[in-house]
Amino acid sequence: MKKYRFQVFIFWLLFTSGVISIYGVFYLASIGYFGEMPDFRQLENPKTNFASEIISSDNKVLGKYYFNDNRTPIEYEDINPETINALIAIEDERFYSHPGIDLKATLRAIVFLNQRGGASTITQQLARQLFVGVRSRNIFQAITQKIKEWVIAVRLEKQYTKEEILTMYLNIYDFGYYGDGIKSASNIYFSKEPIDLKVEESAMLIGMLQNSSLYDPIRRPEITKNRRNLVLMQMSKNNYITKKEEDSLRTLPLTLDYTPQSHRQGLATYFRSYLRGFMKDWTSKNFKNDSTKYNLYVDGLKIYTTINSKMQKYAEESVEEHMINLQKEFFIQNDTLSTAPFLDLEEEEEETIMKRAMRRSERWRKSKLSGMTNEEIEESFNKAIDMTVFSWNGDVDTIMSPIDSIRYYKHFLRAGMMSMNPKNGHVMAWVGGINYRHFQYDHVMLSKRQIGSTFKPFLYATAIDQLKLSPCDMLPDLIHCIEPYKYGNPEPWCPTNSSDKYGGMRTLSNALANSKNTISAQLIDKVGPKPVADLARNLGVSSNIPNVPAIALGTPDLSVYEMVGAYGAFANKGIYVEPVMVTKIEDKNGTIIYQSKPNTKDVISEESSYVTLKLLEGVTKFGSGARLRHNIAEDERNHVYNNVVTGYPYEFKNDIAGKTGTTQNQSDGWFIGMVPNLVTGVWVGGEDRSIHFKEIAYGQGATMSLPIWGLFMNKCYADEELNVSKDPFPEPEVLNIELDCSKVITPEIENEENDVKDLLGIG
């Protein structure tokens with residue numbers, strides 16, 4: 001024995017030294033010798049960027065704000081148990097029994113040089129994601145990183161429950177395509193919440209954990225499916241599913257419902273862009289408890305909006321459906337026009353518009369930043385390059401010079417649409433354009449265009465409120481001149497009717513229904529332009545409205561947002577409610593940090609607002625909006641003409657108050673329609689006012705904008721869950737103004753039915 005004593009001593013010395021060395025290595029790692037280690041507070045609150053969510057009024061996620069991490073944390077209870085089972089089956093079979101390090105798997109990896117599966121537990125993988133980072137290619141650094149993983153994994157196991165570790169891991173992993181975390185990935189790949197995933201869907205997502213770039217279901221569906229089936233096999237092996245279930249599920253295709261969540265795609269893109277500005281302003285003025293500002297892109301805020309996801313979808317569908325037809329006709333009419341899409345422009349004016357557009361482009365900005373001179377940039381705009389351009393049939397890859405692409409894009413008519421509940425000001429739908437990716441300018445809030453006859457209800461409401469006029473009061477349909485300098489004009493102002501027809505007497509109801517400018521001139525002469533402008537301002541219009549008689553014909557430039565908000569007061573008993581887009585904001589812990597408060601103002605009497613509504617009902621019964629009540633789609637003309645000019649077969653039977661608007665040269669077409677609990681405004685026009693239809697049949701508001709309103713309302717009425725009213729507007733308890741015009745109509749008044757036929761071109 002004595003001769004082996006030395007060998008025994010050496011063995012124990014080496015063994016003890018090894019144990020001490022291993023302990024020492026782990027100790028040195030724990031105190032940060034191999035690099036910074038997370039302290040207790042960091043383990044308690046691991047730093048993770050969370051995207052802020054935009055939530056609709058019907059609790060759907062409209063989109064998110066994030067820089068690089070589209071991550072929304074969820075709780076363990078919100079994850080489908082099958083997802084958890086799949087994760088454990090493929091990644092860490094002994095997860096519930098080890099303390100963060102799986103010694104058996106580690107020894108196996110060492111003995112077989114990692115050829116029979118890795119040794120990293122879910123906890124180790126979480127440690128690497130949170131605190132260690134990408135594995136280094138340097139062997140020494142890789143070893144030290146592994147040691148740090150082991151130490152942090154043990155600490156995590158002491159700090160958190162097994163369920164919390166699983167939840168943190170699934171919340172943090174990047175599944176690709178901005179799918180940061182299981183919630184985002186479920187939404188993007190399957191348009192579902194994590195709790196609603198099927199077994200095979202859970203298996204696919206969990207299979208991607210090994211390498212989401214390699215197992216990409218969009219680009220590499222076959223190998224992703226094979227990986228999914230491996231997960232299913234492991235689930236069967238661990239008795240989470242039966243062998244029969246495995247065999248059945250393996251045959252299923254991936255069946256993706258891919259819904260990208262980039263800033264330029266998805267639902268309500270223009271609204272989300274507006275909301276970003278709203279939140280930027282809010283976060284600059286509001287602070288956390290530690291006096292730091294909220295960060296929209298990393299703090300995981302929940303922004304609860306008034307947008308209804310269904311109405312928003314119907315609004316976007318309606319805009320697209322009509323604009324495709326309208327654009328088709330616009331292309332046909334401009335096919336042989338050498339200056340297309342511009343009309344009635346001199347060569348110098350056209351050149352000015354094109355140069356202005358070129359200098360406002362993103363290409364010009366980037367070229368300028370790169371140091372190019374103006375001459376070099378202009379030259380580059382004339383060189384053909386590869387590009388992808390918008391079309392209503394989908395994006396098109398083509399070769400085109402940048403200056404030609406500017407002209408090409410100017411051919412496309414634009415649209416803006418907003419829908420609001422007049423009772424509480426909640427904005428239910430917001431469509432700022434035809435395609436946010438290619439046309440990012442918002443035509444709801446930012447764009448201000450001449451509003452034409454949609455301004456006339458402010459004039460009529462002022463006259464009713466001040467003079468107690470009735471819709472049945474009559475005025476002569478004759479040219480009326482306002483004398484020079486009476487309201488500041490140096491010249492007499494004598495507006496004419498668009499039809500250039502005159503004669504007889506007209507009730508106010510008939511005059512508004514048919515947009516008779518002669519009657520508007522007489523009314524503004526009676527009340528003066530200032531009270532009309534003041535009424536519009538009190539109804540929330542912040543844009544400039546000059547105190548001149550011409551405003552009676554709608555010369556001011558206003559936004560869809562302003563017009564819908566102002567019209568809402570007529571449907572709300574004369575009370576203006578400022579439009580509301582955000583109801584509340586919560587931080588990532590669910591604490592309410594903002595709550596909206598309604599901003600209301602009594603503007604006109606309930607009686608006057610109701611009488612104005614009755615006037616506007618006449619527009620949709622006997623005037624330019626009457627096509628909403630007729631099924632004239634079987635006209636003898638071609639299909640495109642039917643849909644664009646005469647409209648679609650709406651056949652509305654309920655009371656609708658509304659007003660069309662058409663500006664000079666048919667540059668802008670408007671329609672604003674109201675039912676008791678929904679006010680919706682639509683504008684359609686070209687990017688520049690020189691872009692318009694030649695004929696009023698195509699360029700009027702009843703053709704360009706009214707069809708979008710009709711399509712939208714038909715969709716809303718078909719969805720009973722939305723509860724859009726078909727009831728009459730409630731009559732005030734006190735009503736002293738006469739509304740029954742049958743008592744005062746005389747033979748001199750033009751036949752209203754014939755007026756309708758003249759306007760529609762079907763007489």
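The values are calculated or read from the model by the stated rules, or taken from the named source; none is laboratory data. None of the values given here were measured: they were computed from a predicted structure. Because the Cβ atoms are built from the backbone with ideal geometry, glycine has one as well, and the counts that use them run over all protein chains shown.
Scanning for something at pLDDT 95 or above, assigned to a loop (DSSP other than H, G, I, E, B) and out of contact with any helix residue (DSSP H, G or I) (no Cβ under 9 Å at 6 or more places or on another chain), does region 355-377 turn up at least one residue? Working first, answer last.
Applying the first criterion (at pLDDT 95 or above) to region 355-377 yields none.
Within region 355-377, not a single residue is at pLDDT 95 or above, assigned to a loop (DSSP other than H, G, I, E, B) and out of contact with any helix residue (DSSP H, G or I) (no Cβ under 9 Å at 6 or more places or on another chain).
When the residues of region 83-100 are narrowed to those that are in a helix (DSSP H, G or I) and more than 33 Å from the chain's Cα centre (by Cα), which ends up modelled with the lowest pLDDT?
Filtering region 83-100 down to residues in a helix (DSSP H, G or I) leaves 83-91.
Cutting the leftovers down to more than 33 Å from the chain's Cα centre (by Cα) gives us 84-91.
Values: Ile84: 95, Asn85: 95, Ala86: 95, Leu87: 94, Ile88: 93, Ala89: 93, Ile90: 91, Glu91: 88.
Among residues in region 83-100 that are in a helix (DSSP H, G or I) and more than 33 Å from the chain's Cα centre (by Cα), the one modelled with the lowest pLDDT is Glu91.
Go through (1) touching a Cys at 6+ places or on another chain (Cβ under 9 Å); (2) surrounded by 19 or more Cβ atoms within 10 Å (Cβ to Cβ) and name the single condition Phe458 misses.
So the condition that Phe458 fails would be (1).
Name the pairs: first residue in region 398-419 and among the basic types (Lys, Arg), second residue assigned to a strand (DSSP E or B), Cβ to Cβ under 9 Å, at least 6 apart or on different chains?
That search, which allows pairs on different chains as well, returns Arg414/Trp683; Arg414/Val684; Arg414/Gly685.
For Tyr297, state whether it is in a strand (DSSP E or B), of a type outside the set (Val, Ile, Thr) and touching a Ser or Thr at 6+ places or on another chain (Cβ under 8 Å). Quick ask: steps written out before the conclusion?
On the way: in a strand (DSSP E or B): no; of a type outside the set (Val, Ile, Thr): yes; touching a Ser or Thr at 6+ places or on another chain (Cβ under 8 Å): yes.
Against the criterion (in a strand (DSSP E or B), of a type outside the set (Val, Ile, Thr) and touching a Ser or Thr at 6+ places or on another chain (Cβ under 8 Å)), Tyr297 does not qualify.
Can you confirm whether Ser186 is of a type in the set (S, T, N, Q), surrounded by 17 or more Cβ atoms within 10 Å (Cβ to Cβ) and modelled with pLDDT of 90 or more?
Values: of a type in the set (S, T, N, Q): yes; surrounded by 17 or more Cβ atoms within 10 Å (Cβ to Cβ): yes; modelled with pLDDT of 90 or more: yes.
Spelling it out, Ser186 is indeed of a type in the set (S, T, N, Q), surrounded by 17 or more Cβ atoms within 10 Å (Cβ to Cβ) and modelled with pLDDT of 90 or more.
Can you name the residue in region 558-569 that is under 12 Å from Thr454 (Cβ atoms) and part of a helix (DSSP H, G or I) and is also nearest to the chain's Cα centre (by Cα) among such residues?
Val560
If you check Asn751 against the conditions, is it polar (S, T, N, Q), out of contact with any strand residue (DSSP E or B) (no Cβ under 8 Å at 6 or more places or on another chain), at pLDDT 95 or above and assigned by TED's automatic domain parsing to the domain that holds Ala626? Spell out the reasoning first.
On the way: polar (S, T, N, Q): yes; out of contact with any strand residue (DSSP E or B) (no Cβ under 8 Å at 6 or more places or on another chain): yes; at pLDDT 95 or above: no; assigned by TED's automatic domain parsing to the domain that holds Ala626: yes.
For Asn751, the condition - polar (S, T, N, Q), out of contact with any strand residue (DSSP E or B) (no Cβ under 8 Å at 6 or more places or on another chain), at pLDDT 95 or above and assigned by TED's automatic domain parsing to the domain that holds Ala626 - is not met.
For Gly425, state whether it is over 30 Å from Thr388 (Cα atoms) and not polar (S, T, N, Q).
Working: over 30 Å from Thr388 (Cα atoms): yes; not polar (S, T, N, Q): yes.
The answer is yes for Gly425.
What are the pairs with Cβ atoms under 7 angstrom where one residue, in region 306-321, is closer than 14 Å to Tyr717 by Cα and the other, located anywhere, is among the acidic types (Asp, Glu) and outside any helix (DSSP H, G or I)? Sequence gap at least six, or different chains.
Final answer for the pair search is Lys310/Asp58; Lys310/Asp719.
A quick yes/no check of all residues on (1) surrounded by 13 or more Cβ atoms within 10 Å (Cβ to Cβ); (2) assigned by TED's automatic domain parsing to the domain that holds Asn599:
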site: Gln327; (1), (2): yes, no
site: Ala340; (1), (2): yes, no
site: Glu375; (1), (2): no, no
site: Glu378; (1), (2): yes, no
site: Phe390; (1), (2): yes, no
site: Pro422; (1), (2): yes, yes
site: Met428; (1), (2): yes, yes
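If a residue must be free of Cβ contacts under 8 Å to residues at least 12 places away in the same chain, within 22 Å of Tyr189 (Cα to Cα) and not acidic (Asp, Glu), how many such residues does region 220-246 contain? Don't jump to the end; show me each part of the working.
Initially, region 220-246 is screened for residues free of Cβ contacts under 8 Å to residues at least 12 places away in the same chain, giving 220, 222-223, 226, 236, 239, 242-244.
Imposing the further condition that a residue be within 22 Å of Tyr189 (Cα to Cα) reduces the set to 220, 222-223, 226.
Restricting the remaining residues to those that are not acidic (Asp, Glu) gives 220, 223, 226.
Residues flagged as free of Cβ contacts under 8 Å to residues at least 12 places away in the same chain, within 22 Å of Tyr189 (Cα to Cα) and not acidic (Asp, Glu) within region 220-246 amount to 3.
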